[in-house]
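Structure first, then comments.
The values are calculated or read from the model by the stated rules, or taken from the named source; none is laboratory data. On a predicted model such as this, the values are computed, not experimentally measured, just so you know. FYI the Cβ positions are ideal-geometry reconstructions off the backbone, even for glycines, and counts take in every protein chain you see. Quick note on the areas: whole protein, heavy atoms, side chains included, nothing else; ligands and nucleic acids left out. Shrake-Rupley method; radii C 1.70, N 1.55, O 1.52, S 1.80 Å.
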Amino acid sequence: MDMDADYTVPGGSSFRDVTSVFALASQEMDPGSIVAVDAFSLSDAMTATEIGEPRLDTGIQLENTERPQFDPLTPLLPEEICWIIDRSMAYETEWHASNPLAHTVFTLLYVHCLNDVDPDVLPFLPMIDLDSSRPLELITVILRAYTSGLLKSCSIAWNELSKGSLLDTEDWHSDKSDVSLLEGWPVKAAIARLDTALAWLSTTTKGSATIMARCPQNQSPVPSDYTPVTELNRISPSRSRRLQSASPICETFALSFDPYIARQLNTFLPVRVIDVPSLEQTCDAYERLLNGWEDLAKLSKTYQISTWNQVGFHQSWFSAPAAQPAYIRSCAQTLFYDGIQIIHNQAQSWLVDRLFEETIGVSYHVFAQHWGGQGSAALLDLERKIIHTIIPHIRGLWNNPARRRRFLVKSIFDWHIIYDTLCALVEGLDVSDNIDPVTFRTLNQFSKAVVPWRLASITEVILSGFQLELYHPLERPFAYWFAAQVTDVHLNYLDVLLNGMAGVVPQESPSRKEMQFQQHFLVALQAMSMAMFVSLIRSLPPNTIFDQWEQLRANLHRRYKWSFKTAYDMCDFEPVVLEPDFTQFLREVHVIQDLGRGRGQSQDNARNIKVNDQRYSLRSPLEYFELAQRLLRTLISTNNTGTLNGNWGHDRMKLLRGMSEACQELRPYLDESSSDAGDTSQISVTKLDWTRSSPNSQFKTPWFPSVRLHEGGTTALSSGGNS
């Protein structure tokens with residue numbers, strides 16, 4: 001390596017140039033090799049290398065990010081302490097919203113200097129109490145206790161999330177950047193420190209403000225522990241924001257947070273400055289956490305798997321990506337199954353009896369006694385399949401919507417395997433073996449008990465595609481049509497179980513009450529789906545579906561590949577609902593478009609819907625929406641929420657009201673009467689908003705679009721990829 005003769009060594013001539021030494025030594029190294037000290041990692045190499053990208057150059061100190069030295073013992077006003085607590089709470093909610101600790105909680109610099117504010121090790125400072133409005137105890141007692149509680153709360157949540165029920169970097173970030181979350185510190189010690197802070201606040205004569213601290217919660221999956229240790233007391237926005245602009249500390253206390261702290265931590269993540277949510281948004285996030293905690297307390301005493309199933313569906317229907325934080329969802333999964341027992345103390349075999357007892361109202365022992373009883377060799381395979389299907393099915397409902405949909409897709413095949421096994425067992429029975437006809441008919445219904453679970457999963461897989469914005473505009477009519485087909489089969493099975501000749505569900509059982517609710521709900525859902533199908537087909541230019549059928553068919557095969565699994569061919573019995581009937585779909589599309597062009601008034605496209613032994617022959621979106629709204633209003637007026645009550649019943653009622661409002665809102669825009677006669681392409685479907693990520697969207701239901709409005713509130717015509 002040649003050196004320029006005019007090159008001046010930095011620092012003067014007292015240094016010796018060792019370039020030649022390194023050049024000579026490097027000649028003995030193989031190409032691509034590197035010499036490094038022990039424990040040198042790729043992260044260290046990337047941190048030491050400047051590539052010119054501020055987000056990745058984590059080791060570079062930019063001019064506009066230079067900060068004064070932080071002194072944790074700088075006296076602060078009570079209002080300033082409140083501001084710090086407010087802001088740190090906001091950052092904690094951002095961590096629960098799946099942001100890294102290094103970008104949220106760890107930006108509070110007191111996290112990194114708890115030992116520096118320990119009152120037991122502080123040196124004597126004769127000047128510390130010169131300003132009585134800024135007592136040092138606000139730092140050493142109050143803020144230290146709060147920060148300790150904050151870290152301990154994060155530690156408890158981290159321990160739960162690290163169990164693996166939810167995926168790291170998908171639902172949450174586990175990287176602790178080698179910063180302690182006080183893992184080895186007992187929860188009781190954290191509570192004792194907070195109690196000490198509260199005691200000081202209640203007895204002190206220093207300062208003029210009262211600060212409320214928050215306690216961490218012992219969140220181990222024990223029934224009594226699903227009750228908050230103390231009630232969360234929220235800081236008043238007006239008090240915490242009422243800072244005097246003339247205060248010389250105003251700029252100093254803001255330095256308690258360093259959004260670029262990740263540059264000083266052992267982390268591989270690029271620096272990203274998180275926008276701090278407002279206090280109102282923070283309080284809403286804490287409210288979701290506490291509401292989720294209340295649900296856990298109630299679920300810990302709920303021993304009906306059908307209730308777990310319904311609550312799991314409902315909690316993901318109201319917002320995206322999830323209605324509840326990852327921590328709450330992970331706790332729900334652990335609560336239901338901790339790897340050994342179901343809901344604290346139930347054996348896994350308990351699930352088998354609950355499945356039949358809650359679905360058809362008949363104990364599994366009635367079925368099992370004909371094969372030697374529960375746990376016999378003949379039934380061992382069946383019971384194992386039921387257990388290995390129900391556990392991931394229920395737990396999967398608390399995943400994020402995308403992964404939850406994948407779990408449901410897998411469970412669709414698993415439910416059929418159970419159905420196939422039950423059918424094979426019943427087929428092997430000899431009617432003459434001292435089995436009376438009534439008992440034999442009852443045994444035949446046990447295979448039908450798993451069908452509603454499978455059909456509900458199929459319907460959810462189809463309709464969740466609207467929540468996740470998966471569908472191309474040409475795929476939407478088919479999705480609504482297929483959902484209506486599945487719902488129709490579901491209703492037929494419920495009718496057989498409730499009212500058929502072989503009906504087995506007891507008259508006064510909770511199962512019958514829930515099935516009767518599901519009948520009305522599913523008819524309304526089916527009617528709304530058909531209204532959307534007819535409207536969307538009429539909104540397309542003539543023959544659009546047929547002209548693009550080859551490409552559309554290929555897309556639908558990929559979209560519904562779970563229904564074309566070759567593994568079904570290995571089963572002895574055909575599944576209830578499998579591949580969508582493309583021929584029937586095209587036939588109905590053809591009839592709808594012909595009617596739209598005034599070529600006849602055929603009843604071929606009319607769908608018969610049965611409600612309370614009365615059949616309705618419906619054809620237009622207006623008729624479908626009117627039927628759906630009438631059924632929904634009946635459920636609402638009678639306060640019929642099936643077997644769900646309390647907060648869960650309120651959530652179900654909220655869903656019913658949303659569907660009713662969606663019928664009222666969509667009907668004027670989707671009925672054929674809103675278009676000019678003979679011009680089906682002008683139906684107001686272009687006014688619909690399908691983009692749930694849009695900040696101005698107001699969706700009444702998880703599965704149907706909303707009406708796009710101008711900022712002034714008037715309807716706007718719009719066309720585009722999402723319309």
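Annotation: LEU166 carries an accessible surface of approximately 0 Å², with a 1.4 Å probe and no ligand, DNA or RNA atoms counted. The largest accessible area among THR282, THR203 belongs to the first residue in THR203, THR282, and the rest follow in falling order (1.4 Å probe, all chains). Stokes-Einstein diffusion for segment 325-410 at 4 °C, viscosity 1.567 mPa s, with a Kirkwood radius from C-alpha pairs, works out to 92 µm²/s. Largest accessible area first, the listed residues GLU160, GLU79 line up as GLU79, GLU160 when surface is computed with a 1.4 Å probe on the assembled protein chains. Between VAL438 and ASP495, the C-beta separation translates, for a Förster distance of 22 Å, into a calculated FRET efficiency of about 0.65.
Legend: residue pairs LYS298/LYS410; LYS513/LYS561; LYS298/LYS565; LYS188/LYS301; LYS301/LYS410, Cα-Cα distance threshold 31 Å; pairs beyond threshold, LYS513/LYS561; LYS298/LYS565. Computed over protein heavy atoms with a 1.4 angstrom probe, the accessible surface ordering of ARG16, ARG657, ARG404, largest first, is ARG16, ARG657, ARG404. For THR641, the solvent-accessible surface computed with a 1.4 Å probe is close to 20 Å², ligands and nucleic acids excluded.
With both labels modelled 7 Å from their Cα along Cα-to-Cβ, the HIS650 to GLN369 distance reads 4.5 nm.
A Förster distance of 25 Å, applied to the separation of the beta-carbon atoms of SER637 and GLN698, puts the FRET efficiency at 0.55. Only protein heavy atoms count here; on that basis, with a 1.4 Å probe, HIS388 has an accessible area of about 110 Å².
Computed from label points 7 Å out along Cα-Cβ, the spacing between ASP284 and VAL121 is 4.2 nm. In this simple spin-label approximation, ARG384 and ALA424 carry label points 7 Å from Cα along the Cα→Cβ vector, and these lie 1.3 nm apart.
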